[in-house]
């Protein structure tokens, strides 16, 4: 496969687009700068995002405002225990031509046929419906009978789940969570942010966000991100981080083997690299740095590793293990390649 040459003008275009989107979001959203940054990285990397946070943190408002600022069609699906795959995909209906009397099947598109799809409380719907959504995310198409229907492009799924209420839910298995590029934690606002939220939302309605990018613009910028060059050292560094999460493999640290029961697969490496490219260019750089990969290690890996029961009972978290892996992995190329443990990892 031929590598698309990198267009230097893409740096200015994407950096300008980033600033314009943030300006529109700030009209409606207070704070959540890290969440917004990770959403934009995910969007321009052509990935999907899983948001986890308690109710009332403006997850739905953030997603709908993002869709408005990008001039994209938006669809919200409220997942419930009785939701069926046809409710989100669409279905064939029988129509009669009144002029000829003939009948034919016509496909009625479901809410998945939008540029930005908010899958609200995805863990409230049964696995069959979850699987229908995840298939659409991976294949970017749906099948009804023997007919395949392509989804619109760009296609961006943001799923939310509530971490505090598990009764009557169907948690996503780790293998299905792997379809999401990032798992992003939406946390409580700071005092000043919550003060501003209270002030804004109890007064007159705020000015709505205005579209600043079209679907064609976004597709072009997604292609530009793919063209950002990345050195072999950074690919090797991303591989070093991911391969150390696999308990029992050669070169894996003892604390990982003791605390993790399962590690991340190759898709984690792919998302780390493409995400690092997007982060670099969003910050106005034409090259990827080690810091880009380190910054995205937690959102990429936290839902791809499984903490063992004993470690979890002691308060060990995926993010804590990821941070410890970063701290024990040399960032400099010469140190990484000369380290005996990593030579074992690279040779395996």
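Quick one: which strands (runs of 3 or more DSSP E) sit completely within the range 64-154 and have at least 1 residues that are surrounded by 20 or more Cβ atoms within 10 Å (Cβ to Cβ)? Talk me through it step by step, then tell me what you get.
Values: elements: 74-78, 90-96, 103-109, 116-120, 141-144, 147-150.
So the answer is 74-78, 116-120, 141-144.
Here is a yes/no grid of residues against (1) under 17 Å from the mean Cα position of the chain (by Cα); (2) modelled with pLDDT of 85 or more:
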residue	(1), (2)
179	yes, yes
182	yes, yes
197	no, no
203	no, no
230	no, yes
240	no, yes
256	no, yes
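Please tell me if residue 36 is part of a helix (DSSP H, G or I), without any contact (Cβ under 8 Å) to a residue 40 or more places away in the chain and closer than 26 Å to residue 300 by Cβ.
Here the answer is yes, as residue 36 does meet what is asked.
Can you run down the residue pairs with Cβ atoms below 6 Å, 6 or more apart or on separate chains, where the first is in the range 273-286 and without any contact (Cβ under 8 Å) to a residue 12 or more places away in the chain and the partner is outside any helix (DSSP H, G or I) and surrounded by 24 or more Cβ atoms within 10 Å (Cβ to Cβ)?
none
Any residue in the range 176-202 that is over 27 Å from residue 278 (Cβ atoms) sitting within a Cβ distance under 7 Å of a residue that is surrounded by 14 or more Cβ atoms within 10 Å (Cβ to Cβ)? List the pairs, counting only those 6 or more apart or interchain.
Listed by first residue and then by second, the contacts come to 196/30; 197/30; 197/189; 200/30.
The values are calculated or read from the model by the stated rules, or taken from the named source; none is laboratory data. Since the model is a prediction, treat every value here as computed from it, not as a measurement. No Cβ is skipped: glycine too gets one built from the backbone with ideal geometry, and neighbour counts run over all protein chains shown.
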